[in-house]
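These notes concern the structure reproduced below.
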Amino acid sequence: MNMRKSRVLRKIKEGKVAFCTKLNLADPRVAEIAAMSGFDCIWLDNEHVPTDFLTLENLIRAAKLYDCDVMTRVSKGGYSDLVRPLEADSTGIMVPHLMSLKEAKDIVYYTKFHPIGRRPLDGGNADGRFCQVGGANYIKQANEERFTCIQIEDPEPMEELEEICALPGIDMIFFGPADFSQGLGVPCQMNDERLLEAKKLVAKTARKYGKIAATVGGPANVEQLIADGFNFISMGADVVGLANYYRGIMDVASKL
């Protein structure tokens, strides 16, 4: 028996762009709707959203019904915070606010198995099909079919960007513009020239080393992001969609 293969990694290997959407809500039916809509990946969040691990596993299970990957942004804590989403069969994890090459090396150490790192080994969870994937296969397939993403969302790690992108075991470099703008001292000014230059440099450097270049976007700028070199783009969010839908209804109703 084998692990589930990654849809995102498959598309990237085919030279295509992978599309993702973000969920803040904890109902697996929302994940199922997003997955059946055709997204390659759903982004779940344990940094800002208080989702427990059992709920996380159910969200992942709902996405897998439609061969949809899940990337879980972890809280920055101990190594268990890094590996538990993977063991719940999240296809990838995203580590926020990477600040240095040393931190990137530590992340690889705990999220990749031998010979890349020393991730703690337990195949008795959803990703290892509850011990139905043999140990050696589990280690090999987890290294090949699961991805580790780090977020560049501060100016500080830009000094080591080349080394971070070259590091074996880091699979995706995700540029976070909102917090990066804070770090520049111009919160939410997304057209600041320094921010735009940094975003393009992240994409260029990631692709130079064969890594996935990722960021957030939308229908209005997705073509430009692809032209800039990004091949993983997260668009939209469940809470934004619901808010816009309900507001649209009430904009009409309030005028009656």
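None of the figures in this text is laboratory data; all of them are computed from the coordinates on show. Predicted model only: the values in this text are computed from it and were never measured. Neighbour counts run over all protein chains shown; Cβ positions are idealised from the backbone, glycine included.
Table for the structure above
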quantity: Sequence of I42, I233, I249, I226 once ranked by neighbouring C-beta atoms within 10 Å, starting from the fewest; calculated: I249, I226, I233, I42
quantity: Test item: Cα-centred dipole of the chain, Lys/Arg +1 and Asp/Glu -1 on Cβ, debye; calculated: 780 debye
quantity: Estimated FRET transfer efficiency when R0 is 30 angstrom, pair L242-F53 (beta carbons, to 0.05); calculated: 0.75
quantity: Whole-number percent relative contact order across the chain, with pairs defined as alpha carbons under 8 Å at least 6 apart; calculated: 19 percent
quantity: The stretch 108-177 versus the stretch 178-192: alpha-carbon centroid distance in Å; calculated: 28 Å
